[in-house]
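The block underneath contains the structure these notes are about, expressed in structure tokens.
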Amino acid sequence: MKTRKLFVLPAICCALALTLGAYGEEKQENAKAEAEANTEADAKAKAKAKAEAKAEAEEKAKLIFSKDGKTITGVKDKGIKSVVIPNGVTSIGNRAFHDCKNLTSITIPDSVTSIGGNAFSDCSSLKSITIGNGVTSIGRWAFFDCSSLTSITIPDSVTSIGGRAFSRCSSLTRITIPAKFTDEDVNKWDVPSNCKIIRR
């Protein structure tokens with residue numbers, strides 16, 4: 001009986017060793033796979049950050065800034081077709097994009113708090129504009145003669161819009177505005193008579 005036990009014990013030890021060995025190998029393989037996945041994710045994140053930095057640099061190269069870099073005062077080429085305002089910009093100056101007749105789209109980030117007077121006046125090809133949730137004021141004549149603009153959404157953050165802001169926006173058929181703005185306010189903006197006003 002003792003002899004049988006002596007034979008069984010090594011067999012059990014051997015099986016246990018094999019099991020532990022297999023477990024160790026599986027653990028190593030899992031750790032290796034996880035490390036490879038993390039490396040791949042890091043590479044993708046770096047590539048994305050690099051692409052974003054390049055895109056931002058390209059956008060900045062199109063624009064003219066104030067000394068502190070916070071205000072856009074103009075563009076280097078009036079033939080500019082699209083713009084994504086870089087994060088960190090706080091204001092778009094008066095007449096900054098005036099007469100950019102080839103400009104079709106612009107995206108304004110949440111960092112921007114003000115859009116100056118005549119900022120986009122005579123941008124006759126402008127069809128798409130996204131206004132960030134940080135904007136509080138839009139100046140007089142800001143979108144004067146943006147004759148290709150069909151709709152625009154004013155974020156809740158906006159508290160003032162200057163007179164004739166949408167004058168001669170002949171294609172404007174819909175404008176979405178915060179409920180705080182009255183009919184009297186809308187009349188001052190000189191929107192087209194057939195433009196649908198949506199309050200939210």
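Result for the chain in a Gaussian network model with C-alpha springs under 10 Å: among GLU29, GLU184, GLU40, the largest mean-square fluctuation is at GLU29.
Rounded to the nearest Hz, the phi-derived 3J(HN,Hα) couplings of the stretch 102-115 under the Karplus curve 6.51 cos²θ - 1.76 cosθ + 1.60 (θ = phi - 60°) are 9, 5, 10, 8, 8, 10, 10, x, 5, 5, 6, 10, 9, 10, where x marks glycine and proline.
Over the chain, what is the percentage of antiparallel beta bridges among all DSSP beta bridges, to the nearest 5?
On the way: 3 of 24 bridges.
Close to 10 percent.
The computed volume of the Cα convex hull per residue in Å³ for the structure shown corresponds, within [x] 191; [y] 172; [z] 109, to [x].
Across the cross-link table entries LYS50/LYS70; LYS76/LYS127; LYS62/LYS196, which are compared at the Cα atoms, the separations over 26 Å belong to LYS62/LYS196. Look at the dipole of the chain built from charges on Cβ: of THR153, GLY163, ILE138, the Cα furthest out on the positive end belongs to THR153. Once the Cβ-Cβ distance of ASN102 and ASP156 is raised to the sixth power relative to R0 = 30 Å, the FRET efficiency obtained is 0.45.
Any read-out appearing in this document is the output of simple, stated calculations on the displayed coordinates, not a laboratory observation. These numbers were taken from a predicted model, which means no experiment stands behind them. Glycine gets a Cβ as well: all are built from the backbone with ideal geometry, and neighbour counts include every protein chain shown.
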